[in-house]
Amino acid sequence: MKAEDASEMMDSEKSADKFKTRTAIMIAVLAMLLAVTGLGGQNAAKEATNNNIFASNLYAFYQAKNIRQTSFALAADALEIELANPAVSPESKAAIQKKIDGYRKNVARYESEPETQEGKKELLVRAKAMEVIRDHALKQDPYFDYAEVLLQIAIVLASVAIVSGIGWLVIGSAALGVIGTMLMINGFLLLVAIPGMG
């Protein structure tokens, strides 16, 4: 073997080593981005589920308040009919009126109770706020899902490129990695609404 041939072989090995090293670093970066994307997707899914549960609980509480409010209103109406009966003694009328006033007070309290935030009006506002948060998380989730898929494919392509030495696979991997990263960022920030994805 001639010295020139040996030198050319060493140069091609150094070039192959640089290719493998750079591709391995790219895989590490893609894996890190994949981990961040997975975390974002899990958080969005948890947030959507939790806020859906919170909204459902608040609507159930609203329904319970509505039923109790209706019961008190019906009881007050029935007592008012009884109060109109001329055969009822004045003492009984006073007791009935006191009951009616208490029932009407409960009806008003169930309608709105700002100090506890547990009146029907406040419960509806709180439930709708939970729905807004849930809907936001549901819009985020598909971006994370697609970003995860693209980043995983990018890692596979880069791994195959290291084994095979095919340079265009690294270019394809990098392109998918960039698109996946952009989708991940959009999942966090929702800067662009892509049709069909949220």
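The values are calculated or read from the model by the stated rules, or taken from the named source; none is laboratory data. This one's a predicted model, so the numbers in the text were calculated from it and none came from an experiment. FYI the Cβ positions are ideal-geometry reconstructions off the backbone, even for glycines, and counts take in every protein chain you see. Just so you know, the surface numbers come from the protein's heavy atoms only, side chains and all, with ligands and any DNA or RNA stripped out. Shrake-Rupley method; radii C 1.70, N 1.55, O 1.52, S 1.80 Å.
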**Request:** Go through T49, T70, T37 for me and flag whichever is closer than 30 Å to M184 by Cα, modelled with pLDDT of 95 or more and either open to solvent by less than 70 Å² (accessible area, probe 1.4 Å) or not in a helix (DSSP H, G or I) (or both).
**Result:** T37
**Prompt:** In region 77-107, what residues are open to solvent by less than 60 Å² (accessible area, probe 1.4 Å) and either under 28 Å from L123 (Cβ atoms) or in contact with a helix residue (DSSP H, G or I) (Cβ under 7 Å, 6 or more places away or on another chain) (or both)?
**Reply:** A78, L79, L83, V88, I96, I100, G102, Y103, N106, V107
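Results for (1) free of Cβ contacts under 8 Å to residues at least 24 places away in the same chain; (2) hydrophobic (A, V, I, L, M, F, W, C); (3) touching a Phe, Trp or Tyr at 6+ places or on another chain (Cβ under 7 Å), shown as yes or no for each residue.
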{"residue": "V132", "(1), (2), (3)": "yes, yes, no"}
{"residue": "L138", "(1), (2), (3)": "no, yes, no"}
{"residue": "D145", "(1), (2), (3)": "no, no, no"}
{"residue": "A174", "(1), (2), (3)": "no, yes, no"}
{"residue": "L183", "(1), (2), (3)": "no, yes, yes"}
**Message:** Quick check on my filter: what residues within region 151-198 are within 15 Å of M26 (Cβ to Cβ), crowded, with 19+ Cβ neighbours inside 10 Å and of a type outside the set (S, T, Y)?
**Reply:** L151, A154, I155, L157, A158, A161, I162, L169, V170, L176, G177, G180
